[in-house]
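Working notes for the structure below.
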Amino acid sequence: MKRVRSENDSKPTIKKQSDIFQLGKALFRRTAIPNRLIGREREVQTLTKFWNEFVIGNQPGCLYISGSPGTGKTALLAHVKRNMATKPQPKNHQIKTVMINCMAIDDPKWIYVKLVSEFGSSQMSDNCSEAIVQAKKLLVNAKKKAINVVILDEIDHLVTKDQDVLYTLFEWASLPSSRLVLIGIANALDLTNRVLPRLRAKNCEPQLLNFNPYQPSDISNIIKDRLYSLQNSNSDDAKKAKAETNDKPSLPLMQPAAVELCAKKVAARKGDLRSAFDICQQAIELAQKEHRKNQGPAKNVLGDIKNNTKQQPAPEITTDQPLVTIRHVIAASNPITAATGVNKLKSLTSQQQIVLATFLNVKQKNPRILFMDARNEYMNLIKANGTVPELSNTEFHTVVSNIQDAGMVTMKMAKEHAKRQILLNIDDTDIQTLIEHTPLLKTLFQ
């Protein structure tokens, strides 16, 4: 007897309800590595060409990658690096790759000690002057067979007043005898304007690659691609459905409209893909809690639990049953996309706002904010204005501590308190908005 196909036969199935939420949340963890890369074709092409020309071509070179946070700079470079590692390599060609996050380095000059350590020198020194010599021998030595690839994430944290560290590293990567391929990654778009003139004069100018913020269509495509991976495409049902229908399968777990809303909200703010992932993860969490709340043993009219029927296993969810809706995305996105930074800043006292704005002022001159530099900048501003009471050293430290307790800044440890580095946890644009809309701050800083 011929089997009659039901409506759901043509729909691929995904995991059961007990698993689908956990798998969905795992897809959008910031540390999750996608199966494939969506978008950024121009950037992939540029990075692949650079890697082939210099790393595979066994030639020294340097590249500077810039772009706003969350535009995929580090993730895309890691993807290209993994992809190139699977390609056939020239015979006897050795590649040593080291990736360093410069935020973890207390003093820019300690980058040389870190490089010597990472490349495994048996004569490692804690003295910066000696470490520079050792690092140069390791990285700039024509007799060495291996090509050394150094990837410096957050490279703008190596900025110094005379820019000596950055100049030295880029110059090493430009020497004909060098065995160094240097790739610097930073959020600062203007770093090259401060560093390039001298590098250009010495013919050490790096290649430049800028990442623009993600557009709504980019964010939507990336989210959807990850959601489609939830489908058990290797199952017999899925294969049969694919053979019997030419229709594109429905999107698992989330409504397409919910995905589009998330993409538009994030793109309208700053195009930070990480924010989109956070919203998706939180929206799935909300849907999961709602699902658990709605589940439970069935009751009769008297409120007694029905126990005369055998409990049925949870049905599989077909792709026409999205669980995350627009409502969930709105609830999840409000704390993330709302102007929470500006609202927090408005709740600060006047002196706290002045100190925080001072940090931004220092950062615009030097991305590495030191406590002593911020203190000196604050004193100069207050004295120049003449109307705002000046905080004593103790009061200034207390204000900075209060701002840190509010989660707006982080002070890194250092042997000398004056040399403690201050990291901003509030977006620069939020502080700038506060300055523009606060008469006192506008007078001081504009």
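The values are calculated or read from the model by the stated rules, or taken from the named source; none is laboratory data. Quantities reported herein were computed from a predicted structural model and do not represent experimental measurements. Quick reminder, even Gly has a Cβ in these numbers, built from the backbone with ideal geometry, and neighbours come from all protein chains shown. What goes into the accessible areas is simple: the full protein's heavy atoms, side chains included, and nothing from ligands, DNA or RNA. Shrake-Rupley method; radii C 1.70, N 1.55, O 1.52, S 1.80 Å.
I'd like to check something: does the stretch 371-378 contain any residue that is open to solvent by less than 50 Å² (accessible area, probe 1.4 Å), in a strand (DSSP E or B), touching a residue at least 40 places away in the same chain (Cβ under 8 Å) and farther than 19 Å from L440 by Cα? Steps first, answer last, please.
First, the residues of the stretch 371-378 that are open to solvent by less than 50 Å² (accessible area, probe 1.4 Å): 371, 373-375, 377-378.
Now drop any that are not in a strand (DSSP E or B), which leaves none.
Checked against the condition, which is being open to solvent by less than 50 Å² (accessible area, probe 1.4 Å), in a strand (DSSP E or B), touching a residue at least 40 places away in the same chain (Cβ under 8 Å) and farther than 19 Å from L440 by Cα, the stretch 371-378 yields no hits at all.
Suppose the filter is closer than 13 Å to K109 by Cα and open to solvent by 70 Å² or more (accessible area, probe 1.4 Å); does K161 pass it?
Values: closer than 13 Å to K109 by Cα: yes; open to solvent by 70 Å² or more (accessible area, probe 1.4 Å): yes.
For K161, the condition - closer than 13 Å to K109 by Cα and open to solvent by 70 Å² or more (accessible area, probe 1.4 Å) - is met.
Beta carbons closer than 7 Å, at least 6 apart along the sequence or on distinct chains, never pair a first residue in the stretch 51-70 that is touching a residue at least 40 places away in the same chain (Cβ under 8 Å) and outside the structural domain of L138 (by the TED database) with a second that is outside any strand (DSSP E or B) and open to solvent by 20 Å² or more (accessible area, probe 1.4 Å). Among the listed residues V329, V399, V362, identify the single one that is modelled with pLDDT of 85 or more and touching a Cys at 6+ places or on another chain (Cβ under 8 Å). The unique qualifying residue is V329. Taking W110 as meeting all but one of (1) under 20 Å from K412 (Cα atoms); (2) open to solvent by less than 10 Å² (accessible area, probe 1.4 Å); (3) among the hydrophobic types (A, V, I, L, M, F, W, C), write down the number of the exception. If we test W110 against (1) under 20 Å from K412 (Cα atoms); (2) open to solvent by less than 10 Å² (accessible area, probe 1.4 Å); (3) among the hydrophobic types (A, V, I, L, M, F, W, C), just (2) comes out false. Checked against the criteria, K383 does not count as in a loop (DSSP other than H, G, I, E, B) and open to solvent by 70 Å² or more (accessible area, probe 1.4 Å).
Could you list, in sequence order, the residues of the stretch 262-280 that are in a helix (DSSP H, G or I) and either open to solvent by 10 Å² or more (accessible area, probe 1.4 Å) or within 17 Å of T429 (Cβ to Cβ) (or both)? Break it down into steps so the answer makes sense when it comes.
Taking the stretch 262-280 as the starting set, the residues that turn out to be in a helix (DSSP H, G or I) are 262-269, 273-280.
K264, K265, V266, A267, A268, R269, L273, R274, S275, F277, D278 - these are the residues of the stretch 262-280 that are in a helix (DSSP H, G or I) and either open to solvent by 10 Å² or more (accessible area, probe 1.4 Å) or within 17 Å of T429 (Cβ to Cβ) (or both).
Residues that are closer than 23 Å to L166 by Cβ and either in contact (Cβ under 8 Å) with a residue 12 or more places away in the chain or open to solvent by less than 40 Å² (accessible area, probe 1.4 Å) (or both) occur at least once in the stretch 399-416. Under 22 Å from C204 (Cβ atoms), in contact with a Ser or Thr (Cβ under 8 Å, 6 or more places away or on another chain) and among the β-branched types (V, I, T): is that true of I111 in this structure? Taking the combined requirement at face value, the residue does not satisfy it.
Against the definition (open to solvent by 40 Å² or more (accessible area, probe 1.4 Å) and assigned by the TED database to the domain that holds R200), how does N35 come out, yes or no? When the stated conditions are applied, N35 does not pass them. Would you pick out the residues in the stretch 240-261 that are open to solvent by 50 Å² or more (accessible area, probe 1.4 Å), at pLDDT below 85 and either small (G, A, S) or outside any loop (DSSP other than H, G, I, E, B) (or both)? Those that are open to solvent by 50 Å² or more (accessible area, probe 1.4 Å), at pLDDT below 85 and either small (G, A, S) or outside any loop (DSSP other than H, G, I, E, B) (or both): K240, K242, A243, E244.
Within the stretch 33-52, the only residue that satisfies the criterion of being touching a strand residue (DSSP E or B) at 6+ places or on another chain (Cβ under 8 Å) and modelled with pLDDT under 95 is R40. For the stretch 389-397, check the following and say yes or no: at least one residue is in contact (Cβ under 8 Å) with a residue 12 or more places away in the chain, touching a Lys or Arg at 6+ places or on another chain (Cβ under 8 Å) and closer than 16 Å to L423 by Cα. Within the stretch 389-397, none of the residues are in contact (Cβ under 8 Å) with a residue 12 or more places away in the chain, touching a Lys or Arg at 6+ places or on another chain (Cβ under 8 Å) and closer than 16 Å to L423 by Cα. Tell me, yes or no, whether the stretch 172-185 has at least one residue that is modelled with pLDDT under 90 and closer than 26 Å to L370 by Cα. No, because not a single residue in the stretch 172-185 is modelled with pLDDT under 90 and closer than 26 Å to L370 by Cα. Restricting attention to the stretch 34-74, the residues that are β-branched (V, I, T) and either in a helix (DSSP H, G or I) or touching a His at 6+ places or on another chain (Cβ under 9 Å) (or both) total 6.
For the stretch 71-98, the tally of residues that are open to solvent by 90 Å² or more (accessible area, probe 1.4 Å) and either outside the structural domain of E53 (by the TED database) or closer than 25 Å to D218 by Cβ (or both) stands at 1. On the basis of being at pLDDT below 85, assigned to a helix (DSSP H, G or I) and not assigned by the TED database to the domain that holds L138, does D237 make the cut? Yes, satisfied.
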